[in-house]
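Undergrad: This is the structure I have questions about; it appears just below.
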Amino acid sequence: MSRPKNQNYKGHGLPKGKEREQRASIRFKTTLMNTLMDVLRHRPGWVEVKDEGEWDFYWCDVSWLRENFDHTYMGEHVRISHFRNHYELTRKNYMVKNLKRFRKQMEREAGKLEAAKCDFFPKTFEMPCEYHLFVEEFRKNPGITWIMKPVARSQGKGIFLFRRLKDIMDWKKGTAGKKLTSLEAQPARNTVNPSGSHDTRSSDDQKDEIPVENYVAQRYIENPYLIGGRKFDLRVYVLVMSYIPLRAWLYRDGFARFSNTRFTLNSIDDQYVHLTNVAVQKTSPDYHPKKGCKWMLQRFRQYLASKHGPEAVETLFSDMDNIFIKSLQSVQKVIISDKHCFELYGYDILIDQDLKPWLLEVNASPSLTASSQEDYELKTCLLEDTLHVVDMEARLTGREKRVGGFDLMWNDGPVSREEGGPDLSGMGNFVTNTHLGMWGQVGSGHMGGGNLPWWLDCFNLIQNLPAL
């Protein structure tokens, strides 16, 4: 990227030729006053820049990106925390469109069997533009449950479940005549913590904070896997350093987010039953702020292994690996792969009673605000390891398969778990280099307590399991 003559453009980074000798001092900027700020301020050699000062590293929010990215000159080593058109994967309607397109491409190029590997998202329609298609589908399967979600909101806002066409017709009437803002119509597609700090932007996914008229209507997963009678979903972290070529890392840690109320389909209006977002659950009368409503992924994996055996668990986690890779590949040709950009995605995965994982959504700005001490420790390690992979200090060789809690799962092709093994998946004994929920095997992770009060039988079972 060259420096434009337009005086409105801002330059960041060091003059050419002085980068290597001055890289020991990294000037960072962020507006997020949460765990991220704690990590950045404690990183040796990193110095905070405020206001209009020049920076080398900016963990920005997406609203800044939208308004400033195209007018900002960045030096060779400068890094920023989002890709220019991240919304191709992180807005619910675009994600589904790209996945549907990619599935058709797979079927044309590799056949139906290979295309079936993309069948990990529920049947979805964009509203109101696909309203008539939705009505056709709705009438084919009367009585099933559907869920309506705004395409660009988060934290469970605006979501509702329904079974009657009248409910959706009432919604349609409510949106009729509303003019979409220019951004909502179509973005340009051509190109309190344990630390005591406060988060002024606690959105789980700071997408487009504007009034939302566009929704998706999605078939509701009526048979979710339950633990202690409660519904849950998984939050998994994927770090993408490049789209061309695709270079993606999977974090070993993450968590399951539980509802506080036992699951039932008899009360589809009860958000505490059906929505697992922490922003929703923490308003429940039964919510315990210190214990929260989360399990670390290691505990979750142990629980499943005790109930279904290690082979079933390995298959489930392999299916999740497939979701991460296929979803990234679906947007690989449309994301603007700028070398200055990286992205830490928060994937939300639901598992059904058949141990099939479903992709619910991908968050461009996963919440970095901690809901408990255990959550704070997880997110602190996650962010420290993210900075290690981004490698502003230029310490990595580029040949690493593991950095902290991150495992390189795709490097312009699948990466083998075996040391020195070929990165070709055609071999029968190929095992992908992923270790999701397997922190304990390498000794440097954290198991965590946070025993949830409403299923002591599960907790006691896990207590008696050997450490992985």
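Each value in this text was obtained by applying a stated rule to the coordinates, not by laboratory testing. These numbers come from a predicted model, not from an experiment. Here the Cβ is made from the backbone with ideal geometry for all residues, glycine too, and neighbour counts use every protein chain on show.
Undergrad: Looking only at the range 28-44, which residues have a backbone nitrogen under 13 Å from a spot 7 Å from the Cα of residue 63 in the C-beta direction?
TA: Under 13 Å, as judged by backbone N against the label point of residue 63, lie 31-32 of the range 28-44.
Undergrad: Would you work out if the range 338-378 is rounded, prolate or oblate? Take a ≥ b ≥ c from the square roots of the eigenvalues of the alpha-carbon gyration tensor; rounded if a/c is under 1.5, else prolate when a/b is larger than b/c, oblate otherwise.
TA: oblate
Undergrad: Now for a different question. Calculate the FRET efficiency for residue 109 and residue 339 from the Cβ-Cβ distance with a Förster distance of 35 Å, rounded to the nearest 0.05.
TA: 0.80
Undergrad: Between residue 116 and residue 355, with labels modelled 7 Å along Cα→Cβ, what's the label distance in nm to one decimal, could you check?
TA: Distance between the two pseudo-spin positions: 1.8 nm.
Undergrad: Follow-up question, since we're still on this one. Could you tell me the calculated FRET efficiency between residue 164 and residue 262, based on Cβ-Cβ distance and R0 = 25 angstrom, to the nearest 0.05?
TA: It comes out at approximately 0.55.
Undergrad: I need the P(r) histogram for the range 98-139: all alpha carbon pairs, bin width 5 Å from 0 out to the longest distance, whole percents.
TA: 6, 22, 22, 18, 18, 13, 3
Undergrad: What net charge is computed for the residues neighbouring residue 327, neighbours being all others with C-beta under 14 Å from the C-beta of residue 327, Lys and Arg scored +1, Asp and Glu -1?
TA: On the way: positive: 91, 92, 97, 100, 101, 103, 117, 326, 333; negative: 88, 119, 319, 321, 343, 348, 361.
Around residue 327, the charge tally is +2.
Undergrad: If you don't mind, another one. To the nearest 0.05, what FRET efficiency results for residue 393 and residue 222 with a Förster distance of 56 Å applied to their C-beta separation? Don't jump to the answer; show the numbers that get you there.
TA: Details: r = 50 Å, r/R0 = 0.88.
It comes to 0.70.
Undergrad: How would you classify the range 350-403 from its alpha-carbon gyration tensor, with a ≥ b ≥ c the square roots of the eigenvalues: rounded for a/c under 1.5, else prolate if a/b is greater than b/c, otherwise oblate?
TA: Verdict is oblate for the range 350-403.
Undergrad: For residue 50, what is the net charge nearby, where nearby means another residue's Cβ is under 13 Å from its Cβ and Lys, Arg count +1, Asp, Glu -1? Working shown, then result.
TA: Working: positive: 27, 29, 41; negative: 48, 51, 52, 54.
Taking every other residue near residue 50 into account, the sum is -1.
Undergrad: Ranked highest first by average number of other Cβ atoms within 10 Å, how do 31-37, 48-54, 66-72 line up? Mind showing how you got there, number by number?
TA: Working: 31-37: 20.9, 48-54: 10.9, 66-72: 14.6.
Output ranking for 31-37, 48-54, 66-72: 31-37, 66-72, 48-54.
Undergrad: Using C-alpha positions alone, give me the convex hull volume of the range 84-168 per residue in cubic angstrom.
TA: 127
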